[in-house]
Structure formats: C-alpha cells, structure tokens
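Some notes on the structure that comes next.
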Amino acid sequence: METKFFHHALRVLENQCIGCTHCMKVCPTGAIRVIEGLARINDNRCVDCGMCLRSCPVKAIIVEQDDFSRIFKYKHRVALIPAVLIGQFPEEVPTPLITSILFELGFNKVVEVETGVSLLKEAMEKYLADDTHPRPLISSFCPAIVRLIQVRFPALVDNIMLLKPPLDITALAIREELHKTGATDDEIGIFYVTPCAAKIAAIKSPVGEKESPVTGVINMDTMYNKIYRVIKAGKEDHCVVPENEPLEKFAIRWTLTHGEANNFEGRCLAIDEIHNVIDFLEKIENEDITNIDFLELRACDQSCAGGVLVQGNRFLVRERLRKRARKESRKNNSGFSPLITANESFLREHLGLEKLEPRPLVHLTGEPADALKKMEISKMALKCLPHLDCGACGTPSCEFLANDIAMGIGSIRQCFYISRLLEKQQVLNPDEAFHTLCHIWGEDKIREERWNANFHHLNELIEKENNLNKSNDDESKRIG
Amino acid sequence: MKLRFHVEGGDFSNAGAASSEVKKLLKQINVPSEIVKRIVVALYEAEVNIVAHAYEGDIEVDIQADRIDALLSDRGPGIADIELAMQEGYSTASPKVREMGFGAGMGLPNIRKNTDVLNIESTPGKGTNVSFTVFFQTKS
C-alpha cells in the first residue's frame, strides 16, 4: 500500500471527462491513466503542475477552491494578492482601483504577496554566499517544482533552498501584525488569490513547515471575474482605502521568469515550463552540467504569468508587470516596507523551512531484487509493443503500459495493435477483446453513446467511403 | 539484466545516452538515489572518455539484484601509464584546452571515487577496457 503524501487541488469531473487521453500524455510524472472512460490521477505521482488542466479540451479538470463566502467567517479578512492578478488588467485599471474593489467585495485588508520579497532576497543572498550549501541551489519558490524534485529527482532534494516563499513570509507578517492588535488566530482569515493549483496544494499540505499561515485560497479566475464585473458595471466612485507603499522593482518582477535569478551574483539560471525543467534537472543530476550557483525553476511557461488560473495572455501579463515595475515601483534598496520592518525580527526567526524529504516515485515496487524481476517482465512487454505511444491502451506510452503489466495492474491486451493480432491468431476471441476495450473506455460509452446511437452514421460513413474509393478508382483508370 | 550500448568516438552530441538510460532503469528498480548518482557519474565519465579519446567502443551493463557491473571496451590509442592517468589533475590535454575548462584530469579519479571495484586494462595503440562494479547497499 502506498502512503498518501500530498493533498491535491486538481479534480476530474466525472460527468464531463470524455477519457480522451490529452491530459494523460502531457503529465510530466505519468500520473494519469484512463480507466473506464475516465482520467484518473494517481495522488502520489501528481505534483499539481496543472498541465492536465491546460490540455483538457472539455474543461473536465478543475482546481478546487474555498467557497468565497468563507471569508465572512473572519473578523479580519485579508486578501493576499500576487502581482500577476494586477497584471491581468489593462494599464488603465490602476492598482488602487483593484484594491478598492476588493474592499467592496468584502475584504478589509489587501496586501500584495511580494511585500515580503525584499526580506527574502536578502536572506537568499546570504544563503548563496554560504559555501557549505550544495550547488546548484534551487529556489523553493514554485511548489510544483519542489514536489517534482521530491518525486522525480530525490537526489537533488538537498539542493532546494530552505527558505520560505514570499507567500508564506508575507502571510506570517500580516498574522503577526494582527496579533499585535489583539486579534486571535480564529479571527484572522488570510485568503490567497492563486494563479495555480500547486500553490493551493502547498497551502493545504505544506512541505517543510507544519502549518501554512494562509487560511484559504480563491482561484484567480474567480477573482478576476468578480473584479471585472465591478469595473464593467461602471460605478464612478469607489471606496477610498489606505494605499499600500509601492513595491520595489525586483519585487514586482519576482514571479516572472528571471525574477529571482537576475538578482544574484554568480551563475544563476532561470528555466520555466516543467518539461524544460525536467530536461535540465536530468543533466544536473548526471553532473553533465556543473558549476551553476543558483537555479530559478518554474513549472509554468512565463512563470506565474502563465499560471493555469491566469485569465490574461501570459506575454501581455509579463509586459504589464514590467511596465508597472518601471512606473509604480519604489527604489530598490529603500528599506523594507512598513509591514516587514515592523515584524522584522519575528520574520527573520521564521524564515527557514524544515528539512525536505525525498518522496521517490514508485515505479516497480519492492526491493531491487524483486523490482529487477518486474523490470525484466517490463522489458519483455516493451519488446512486444508497437512503440506508437498512441495512448489508446489508457496509459501514457508503451513504456508505461509495459511497467503497468510488470506491476500486475495492466494487460498486454489493452494494446489495440496487440489485441488485433491476437484476434487474428484466434488467441483472443472478439468478446474478450471487447471486454478489454470496455475496461479502458467505459462500457456505457462504448455500448450506448458511441456505438448504438451513432451506428447509422457509421453505416452511412462506410457507404460514402466506399463510393469515394470507387470514384477514385474510376478516376485513376481514366488517367491511366 | 544485460544492456548493451555502442559509442562512436567524437560523437559528443550523443555522449551520455547510455548513462541516462541506465539511470532511468536504476531509479525504476528503487536503487537508493545516492547510489544511482555514483553509478551515473562513473558511467558518464567512462562513456565520455570513449567519445573523447577512442575511435569507438561498446558498453555492457549488467544490472543484478545487489549490484551493477559495467564493462566499457574501446578501440583507441590506449593509456600508456594507467597509474599516472589515475592521479588527480593528470591530463593529456594541452594547456590551451585546459584554459578553456576541459581536461581537468579528474575523469579516472572520479570513476574510482564513485565505484566499489575498478579495473583498467589498456594496450597502447589498441584500446582500453574499463570495468567496474557498484553495490546497491552502502557498506557500513
């Protein structure tokens, strides 16, 4: 029995999923199988990167979020918003307007996530200067990457910087600040507006800390709709709210690609998009690439601007944030923001993460000796398979099917190509082959929807096809 | 389980293919990650040595329940003085090449550091055989 490690925010809507295999094929950890016509996500393999959601043609994969009305349970309702939220609106929509609207929606405090970045940046500089840490140091910023390393690159877990991401630092500062006014934890509701699923998972089951200082999450697309509706309603005066001090340039850019890497000395690289990250980490793990000091790795293309819940085009979001950094920022090195300064010593004490544990993916279970036997079966199966990686068997590739067979959870008959061959050789009777088909694609779908209901179309199509072939033949005879 | 790979001398763009494949298999059979790392580093160094110095070579890898045996045999110039080549920092690379960051003389010492048993036999003018074993359990 595998132990369940992570909470996941990604859910498959069973009544919507058509079992089309798109998600299965893009999943970077091979976590998805199609069984009985539905995509199933293996919890221990999933790193919440959201590639599946992005690829789904019928929007059957969703990100679970907290009900918006939950904010009203708390006396202090804080909206913790990342820069990319503001980046989604055109330049004509200024930051203070968005803050005002958030107040009107029910919050009574709005803080930008990147408020804590200046303190983190300083801590990262110190961390990088300390030679006792292994190289390359990998940023802990993107929770999908942290989990990816835990499951796919366990040997690199110790390279992850044990520093909290800005989200946690800023949330801690808010909480501490409110504590000073006498507020208790059950009165404080800090709600993070998330651009991705990974951040939700990180809040619900944190890695490297016992409990997240964030109370709940609201998906960015939900928030975008709420804010947009208010703007569209065209109300002239909005409530006046205390203005936050502007962020530093580097803080505004922090969540974009190079947002971290550009700030440090030495060889610092920024890599975005999870498959690119995997390619690079393979090389780092082999020591094929060496002498790198720092790696900023982000699961999404264009980093958080390309988050699965970000409504705007990622390149435009990036452009908007860069412009904002030029216009609305305050000087770098102008000291921490008041919220951070007021809680500096507390935050410094709580900046670190606990040691991270590797959680290697289980491919073939058992001790190496057992696993080796399974591996031999897997190799044998792979030799029989057509290497088409078509996904029709319900696994991401021939290699995955071979592994599933070796693990006793898959059958060679799942392969369309093989089952045709077996039918021809009369090893497999058509009923058995059909049964396997039903297991992958779901009996309901095959029997009723796709076969019976469409059967007359099928006959009609075959007739048309025959006619076409015939006229093509006639044509070629004439030419010949 | 036995695996074979062929390596072409001078084909730097494909160097590392064998070690990547072996790494994938070792991870799948749950060999501890620190051991996988040692094996991959040793195999990669040895593989690149063929690419860099020999005309061609073959790699035979045998993965067993408790260990991996690797034999890399190449047809190439061979090593005149193995003992010397095993010294850290000894390199046949010219100073100019070294300035560019290549040929630091760490190849063979790195293989020795990461393997439990290592044998190198070489006939100058003919070729070199490198064989090594790494056990999956760390010896306590």
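Quick note: the coordinates plus some simple rules give every number you see, no bench work behind them. Fair warning: this is a prediction, and the values are worked out from it, not measured in the lab. Backbone-built Cβ (ideal geometry, glycine too); neighbour counts: all protein chains shown.
Key figures
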item	result
Distance between the stretch A:356-392 and the stretch B:2-79 - C-alpha centres, whole angstrom	20 Å
Two-site label geometry, B:THR133 and A:HIS7: point separation in nm, points 7 Å out along Cα→Cβ	5.0 nm
Relative packing of A:349-356, B:42-49, A:270-277, which averages over residues the other C-beta atoms within 10 Å, highest first	B:42-49, A:270-277, A:349-356
Positive-end residue of A:ASN15, A:CYS390, A:VAL362, charge dipole of the protein assembly as shown with Cβ unit charges	A:ASN15
Residue-averaged beta-carbon neighbours from other chains (10 angstrom radius) around B:113-119	0
Potential lengthening between A:GLU176 and A:HIS457 on full extension [0.36 nm per residue; Cα-Cα distance subtracted]	94.5 nm
Potential lengthening between A:LYS283 and A:GLU349 on full extension [0.36 nm per residue; Cα-Cα distance subtracted]	20.2 nm
At R0 = 30 Å, FRET efficiency that the Cβ-Cβ distance of A:MET380 and B:THR123 yields, to 0.05	0.20
Anisotropy class of chain B from Cα gyration tensor, a/c 1.5 cut	prolate
Cα-based helix-to-principal-axis angle, A:220-233 vs chain A, degrees rounded to 10	70 degrees
Spacing of the two label points (7 Å from each Cα toward its C-beta) at A:GLU64 and A:HIS435, in nm	3.5 nm
Note, ³J(HN,Hα) from phi for the stretch A:181-188, Karplus 6.51, -1.76, 1.60, rounded to Hz, x at Gly and Pro	7, x, 6, 9, 4, 7, 9, 9
Residues whose placed amide H lies under 5 Å from that of A:CYS300, excluding near-sequence neighbours	A:GLU273
Anchor A:LYS383: lysines whose Cα lies under 27 Å away (excluding residues fewer than 8 positions away in-chain)	A:LYS25, A:LYS373, A:LYS374, A:LYS424, B:LYS2, B:LYS23, B:LYS24, B:LYS27
Amide hydrogen neighbours beyond the local backbone of A:LYS109, cut-off 5 Å, H modeled	A:ARG77, A:ALA79
Value of relative contact order over chain A, rounded to a whole percent, pairs C-alpha under 8 Å and six or more apart	19 percent
Shape of the protein assembly as shown, Cα gyration tensor, a/c cut at 1.5	oblate
The stretch B:2-135, dipole about Cα centre (Lys/Arg Cβ +1, Asp/Glu Cβ -1), debye to the nearest 20	320 debye
Under 15 Å from B:LYS126, Cα to Cα: aspartates and glutamates that are on another chain or at least 8 residues apart	B:GLU56, B:ASP58, B:ASP74, B:ASP81
C-alpha long axis of helix A:143-152 to longest principal axis of chain A, angle in °	50 degrees
Residue-by-residue Karplus 3J(HN,Hα) for the stretch B:35-41, coefficients 6.51, -1.76, 1.60, Hz, glycine and proline x	6, 4, 4, 4, 4, 5, 5
Nearest-20 debye value, the protein assembly as shown charge dipole, Cβ charges on Lys, Arg, Asp, Glu	1000 debye
Cβ-placed point charges (K, R +1; D, E -1), dipole of the stretch A:1-125 about Cα centre in debye, nearest 20	420 debye
Part-to-part distance (alpha-carbon centres) for the stretch A:195-253 and the stretch A:272-297, which is given in Å	30 Å
Residues A:CYS196, A:CYS415, A:CYS398 arranged by fewest to most Cβ contacts within 10 Å	A:CYS398, A:CYS415, A:CYS196
Whole-number percent relative contact order across chain B, with pairs defined as alpha carbons under 8 Å at least 6 apart	27 percent
Three-way shape call for the stretch A:45-91 based on the alpha-carbon gyration tensor, with the a/c threshold at 1.5	oblate
Residue order, fewest to most beta carbons within 10 Å, for B:MET1, A:MET407	B:MET1, A:MET407
Ranked B:LYS27, B:LYS96, A:LYS249, criterion: other C-beta atoms within 10 Å, fewest first	B:LYS96, A:LYS249, B:LYS27
Partner lysines for A:LYS204 [C-alpha distance under 17 Å; skip if fewer than 8 residues away on the same chain]	A:LYS4, A:LYS164
Under Karplus coefficients 6.51, -1.76 and 1.60, residue-wise ³J(HN,Hα) of the stretch A:38-43 in Hz, glycine/proline x	10, 6, 10, 9, 7, 4
